[in-house]
Amino acid sequence: MSTSEPLSCLHEGQRARVLSILESGAMRRRLQDIGLIEGTTVECVQKSPAGDPVAYGIRGAIVALRAEQAAAIIVQR
């Protein structure tokens with residue numbers, strides 16, 4: 001059974017489906033503009049040695065997100 005969790009909890013190679021975005025305003029719009037909308041599949045591609053930022057595969061593109069941004073995106077594995 002899958003549970004919802006922040007995108008920041010994914011490990012390299014794991015995939016999940018976006019359920020919701022907890023951000024508002026300009027940041028929410030920016031995340032939606034890069035393809036993070038409900039139902040989108042996201043893959044954790046690579047974590048930096050320090051752990052922040054993390055590269056995610058989103059709709060064929062690789063996007064780096066900071067931990068606080070990824071924590072506001074709720075996904076389901």
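Could you tell me which residue of segment 10-42 is least open to solvent (accessible area, probe 1.4 Å), considering only residues that are over 15 Å from Ala64 (Cα atoms) and assigned to a helix (DSSP H, G or I)? This residue is Gly25.
If you go through segment 43-76 and keep only what is surrounded by 12 or more Cβ atoms within 10 Å (Cβ to Cβ) and part of a loop (DSSP other than H, G, I, E, B), you end up with Asp52, Pro53, Arg59, Ala71, Ala72. Hey, can you tell me all the residues within segment 3-26 that are closer than 11 Å to Ile73 by Cβ and hydrophobic (A, V, I, L, M, F, W, C)? Scanning segment 3-26 gives Leu7, Cys9, Leu10, Ala16, Val18, Leu19, Ile21, Leu22. Against the list (1) in contact with a Ser or Thr (Cβ under 9 Å, 6 or more places away or on another chain); (2) free of Cβ contacts under 8 Å to residues at least 12 places away in the same chain; (3) not basic (Lys, Arg), the condition Val54 fails is (2).
The values are calculated or read from the model by the stated rules, or taken from the named source; none is laboratory data. From a predicted model like this one, the values you see are computed outputs, not experimental measurements. So basically every Cβ, Gly included, is an ideal-geometry build from the backbone, and we count neighbours across all protein chains shown. When the accessible area is computed, the model is the full protein with side chains, heavy atoms only, and any ligands, DNA or RNA have been set aside. Shrake-Rupley method; radii C 1.70, N 1.55, O 1.52, S 1.80 Å.
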